[in-house]
Amino acid sequence: MKDREIKMKNMSIRNMVFTALFAALICVASPFVIPIGPIPLSLATLAIYLAASVLNWKYGTLAVIVYILLGAVGLPVFSGFTGGVQKLVGVTGGFIIGYIPCAFVIGLLVDKFELKKWIYPVAMVLGTIVLYACGTAWFIHVTGAPFQKALTLCVLPFLLGDAIKIALASLIAPVLRKTLKKQVI
């Protein structure tokens, strides 16, 4: 029984370490942006795609929540090296909060079908659709913009960049996921 307890404790430590590492990756990637309008282009989604598809649904989603909490308390981890609750209630807040269901959807699908390589891009596309829905809905709520204008500002400029990030993450994630599963602390 003692060996099982030690193994469970090591798995918990391992999961905490990898969750923290992916939260840190998101924190490092997110502040760097290309300002293309009210919603900037950032590497946050790439880091979230990786966290959600490399870790399981629970720890990938937790890494995103840790990132958001760090930003909410004021650490400059959001776009443009900003932080604070005001960012969560501003025009980009729906996207930031939308990272949570995005990661959840990706992680859940990858966990269920991880041996199928096609699930990685499919899960990321579905997660991105959820992200766009959250971000666009919040943008409309905050700005009062009509739906068509919100789509033009919140979705269309990001389609190509997110497609590239999905392709890249779909190549990297299965390899990292397999490698991390082999690691024992």
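The values are calculated or read from the model by the stated rules, or taken from the named source; none is laboratory data. None of these values were measured; they are calculated from a predicted model. Note that each Cβ is placed from the backbone with ideal geometry, even for glycine, and that neighbours are counted across all protein chains shown. Note: areas computed on protein heavy atoms with side chains; ligands, DNA, RNA excluded. Shrake-Rupley method; radii C 1.70, N 1.55, O 1.52, S 1.80 Å.
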Chymotrypsin sites (Phe, Trp or Tyr not before Pro), restricted to the stretch 55-134: which are DSSP loop and have at most 15 other Cβ atoms within 10 Å? Phe81, Trp118
Expressed in nanometres to one decimal, the distance between label points 7 Å along Cα→Cβ at Lys116 and Ile172 is 2.5 nm
With the full set of protein chains in place, find how many percent of the accessible area of the stretch 1-111 is carbon and sulfur; take the probe as 1.4 Å. 75 percent
Which ³J(HN,Hα) values in Hz, rounded to whole numbers, follow from the phi angles of the stretch 36-48 under the Karplus curve 6.51 cos²θ - 1.76 cosθ + 1.60, where θ = phi - 60° and Gly and Pro get x? 10, x, x, 10, x, 8, 9, 8, 4, 5, 4, 5, 6
Once ligands and nucleic acids are excluded and a 1.4 Å probe is used, how much of Lys178 is accessible, expressed in Å² to the nearest 10? 130 Å²
State whether the stretch 1-124 is rounded, prolate or oblate according to the following rule on the C-alpha gyration tensor (a ≥ b ≥ c being the square roots of its eigenvalues): a/c under 1.5 gives rounded; otherwise a/b larger than b/c gives prolate, and the remaining case gives oblate. oblate
Using modelled amide H (1.01 Å from N, peptide plane; none on Pro or chain starts), what sits under 5 Å from the amide H of Leu41, excluding residues fewer than 5 places away? Ile34, Ile36
Between 0 and 90°, nearest 10: helix 57-72 axis offset from the chain longest Cα axis: 50 degrees
Residue-wise, which Karplus ³J(HN,Hα) couplings in Hz belong to the stretch 15-20, taking 6.51 cos²θ - 1.76 cosθ + 1.60, θ = phi - 60°, and x for glycine or proline? 4, 5, 5, 5, 4, 5
What is the stretch 92-146 by shape, rounded, prolate or oblate, if you read a ≥ b ≥ c off the alpha carbon gyration tensor as root eigenvalues and call it rounded for a/c under 1.5, prolate for a/b larger than b/c, and oblate otherwise? prolate
Can you sort Leu88, Leu21, Leu108 by solvent-accessible area, 1.4 Å probe, largest first? Leu21, Leu108, Leu88
Residues of type lysines that Lys2 reaches as a straight line, Cα spacing below 29 Å, ignoring anything fewer than 8 places off in the same chain: Lys58, Lys178, Lys181, Lys182
For the chain, the longest principal axis of the Cα atoms and the Cα long axis of helix 159-182 enclose an angle in degrees, to the nearest 10, of 10 degrees
Averaged per residue, what accessible surface does the chain expose to a 1.4 Å probe, in Å²? 53 Å²
Determine the gain in length on full extension of the stretch Lys181-Val28; use 0.36 nm per residue of separation and subtract their C-alpha separation, reporting nm with one decimal. 52.7 nm
Among rounded, prolate and oblate, which fits the stretch 54-185 when a ≥ b ≥ c are the square roots of the eigenvalues of its C-alpha gyration tensor, a/c under 1.5 means rounded, and a/b larger than b/c means prolate? oblate
